[in-house]
Amino acid sequence: TSTLGSAISITSTNPNATIRDKNTTGPVVPGEDGKVKKSDKESVFIGDTVTYTVKFTATNYYAKTEGGESKQIKQYVINDTLPAFLKDVKVESLKIGDTAITPTPQFKNKKIVIDWVDNENNSLYNNKTDIEIIYTAKVTDNGIVYDGEGNKNEVTISWTYVDGTTPGTDDKITGSDTIFTYALAIKK
């Protein structure tokens with residue numbers, strides 16, 4: 001059987017063969033809302049702490065087209081814009097499947113890199129494993145006080161294949177979340 005469904009494979013001529021699905025789907029965003037990134041608040045005040053959650057389902061291989069060549073994924077890269085309206089960013093937890101990764105990696109140059117294979121290119125995790133990153137940030141006065149646009153924070157999920165190549169722009173997972181800060185004028 002394969003991780004994508006039932007299949008029959010006969011390996012009588014080579015009983016130690018490795019079978020890889022050619023129809024492997026790529027990383028996806030789980031859940032019905034289709035959002036890779038969510039904040040715990042929609043409206044915030046300056047100095048408030050906002051919590052962001054980034055969640056996606058990772059795969060070990062990816063084939064861009066059904067029946068196309070599948071490539072093994074070496075590492076995942078989570079890139080967050082972390083705009084100027086956020087400071088003191090701290091990753092609170094990183095879970096791969098049910099396992100909490102410790103020590104918890106922090107954003108370096110606005111990125112978190114997760115190795116997905118060992119030194120011999122054996123996958124470290126099961127195919128279709130959920131990854132969840134929860135981090136907090138303090139809202140600064142560099143944000144947009146409500147004018148309709150709000151304060152947008154974007155995330156891009158990308159990956160590197162074991163052959164050193166990366167996916168095209170269309171294959172990456174992107175998402176964003178917007179928080180709003182309002183002004184109050186008091187006339188005396």
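Among the residues of region 150-158, is there at least one that is surrounded by 12 or more Cβ atoms within 10 Å (Cβ to Cβ), in a loop (DSSP other than H, G, I, E, B), modelled with pLDDT under 85 and touching a strand residue (DSSP E or B) at 6+ places or on another chain (Cβ under 6 Å)?
Restricting attention to region 150-158, the residues satisfying the condition of being surrounded by 12 or more Cβ atoms within 10 Å (Cβ to Cβ) are 150-158.
Okay, now just the ones that are also in a loop (DSSP other than H, G, I, E, B), so 150.
When the remaining residues are screened for being modelled with pLDDT under 85, the result is none.
Scanning region 150-158 turns up no residue that is surrounded by 12 or more Cβ atoms within 10 Å (Cβ to Cβ), in a loop (DSSP other than H, G, I, E, B), modelled with pLDDT under 85 and touching a strand residue (DSSP E or B) at 6+ places or on another chain (Cβ under 6 Å).
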Inset, instruction - Would you tally the residues in region 100-119 being out of contact with any Ser or Thr (no Cβ under 9 Å at 6 or more places or on another chain) and closer than 16 Å to T53 by Cα? - result: 5
Legend entry - Yes/no for N142 being in contact with a Phe, Trp or Tyr (Cβ under 6 Å, 6 or more places away or on another chain) and open to solvent by 40 Å² or more (accessible area, probe 1.4 Å): yes
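Within region 159-188, which residues are part of a strand (DSSP E or B), within 17 Å of F45 (Cα to Cα) and open to solvent by 30 Å² or more (accessible area, probe 1.4 Å)?
Quick first cut of region 159-188, residues part of a strand (DSSP E or B) only: 159-161, 173-181.
From what's left, within 17 Å of F45 (Cα to Cα): 177-181.
Listed by number, the residues that qualify are T178, F180.
Select from region 101-139 the residues that are open to solvent by 50 Å² or more (accessible area, probe 1.4 Å) and hydrophobic (A, V, I, L, M, F, W, C) and list them in ascending order.
Restricting attention to region 101-139, the residues satisfying the condition of being open to solvent by 50 Å² or more (accessible area, probe 1.4 Å) are 102-103, 106, 108-111, 113, 115, 118-122, 124-126, 128, 130, 138.
Those that are open to solvent by 50 Å² or more (accessible area, probe 1.4 Å) and hydrophobic (A, V, I, L, M, F, W, C): V113, L124.
The values are calculated or read from the model by the stated rules, or taken from the named source; none is laboratory data. Everything quoted here is computed from the prediction, not taken from an experiment. Note: ideal-geometry Cβ built from the backbone for every residue, glycine included; neighbour counts use all protein chains shown. When the accessible area is computed, the model is the full protein with side chains, heavy atoms only, and any ligands, DNA or RNA have been set aside. Shrake-Rupley method; radii C 1.70, N 1.55, O 1.52, S 1.80 Å.
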